[in-house]
Amino acid sequence: MDDVTWLDSDEHTAWVRLMAVLTLLPGALDAQLNRDDDLNHFEYFTMAMLSESPGRVLQMSALASRTNATLPRLSRVVSRLEKAGYVERSPCPGDGRATNATLTDAGWDKVVQAAPGHVRTARELVIDALEPEQVGQLAEIARRILTTLDPEQKMVATSH
């Protein structure tokens, strides 16, 4: 135990508050998407990642990286999205062992329909709680943490 650098009071407060945000935010995002669009946040995020990809297509392995999902979890979610008509799977033309996921026109329409409510919720819960300069600070803090958590930048989205 001597080799552990314990958190001081300020560090402990920051850590506990971050854990509270990480615990509460996913449920709040899920609740809004479920109520308004009959989706959970991971389903929406999966379709959003496809919507931002060229041709709205990604190999399942690349989609798993972008969503930080295991292939089995992603496969279950994509199966649900396929049944709803939002995503189609097909063999990858360049690699017969790989499978592509494609966002359908209905899936695109669903993302477009769900996006305003999702953005409104993100704004209400996070962005509007901050001063304008704090938004930039939050982005920088997240970037610094992500350099450790995601050194290959698999999940990092480019700014719009």
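The values are calculated or read from the model by the stated rules, or taken from the named source; none is laboratory data. Given the structure is predicted, the values throughout are model-derived calculations rather than measurements. Don't worry about glycine lacking a Cβ; one is built from the backbone with ideal geometry, like all the others, and counts go over all protein chains shown. The accessibility values were calculated without ligands, DNA or RNA, using every heavy atom of the protein model including side chains. Shrake-Rupley method; radii C 1.70, N 1.55, O 1.52, S 1.80 Å.
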Quiz item: Simple spin-label model, 7 Å along Cα-to-Cβ: ALA31 to THR102 in nm?
Solution: 3.9 nm
Practice problem: Working from the alpha-carbon coordinates of the chain, get Rg over Rh, Rh being the Kirkwood radius. | Solution: 1.03
Quiz item: the stretch 45-129: which GluC sites (Glu not before Pro) are DSSP loop and have at most 10 other beta-carbon atoms within 10 angstrom?
Solution: none
Exercise. Hey, can you find the accessible area per residue of the chain for me, probe 1.4 Å, expressed in square angstrom?
Key: 68 Å²
Quiz item: Principal axis lengths of the stretch 35-119 from Cα atoms, whole Å, largest first?
Solution: 38, 23, 21
Quiz item: Top mean-square fluctuation among HIS12, HIS118, HIS41, Gaussian network model of the chain, C-alpha springs under 10 Å?
Solution: HIS12
Quiz item: Any idea what angle helix 105-125 forms with the longest principal axis of the chain, computed on alpha-carbon atoms, 0 to 90 degrees, nearest 10?
Solution: 10 degrees
Self-check item: Angle in degrees between helix 71-83 and the longest Cα principal axis of the chain, rounded to the nearest 10
Solution: 50 degrees
Quiz prompt | Candidates SER90, SER75, SER61, ranked by Gaussian network fluctuation over the chain, Cα under 10 Å, top entry | solution = SER90
Quiz item: With the contact rule set at Cα under 8 Å and sequence spacing of 6 or more, what percent relative contact order holds for the chain?
Solution: 22 percent
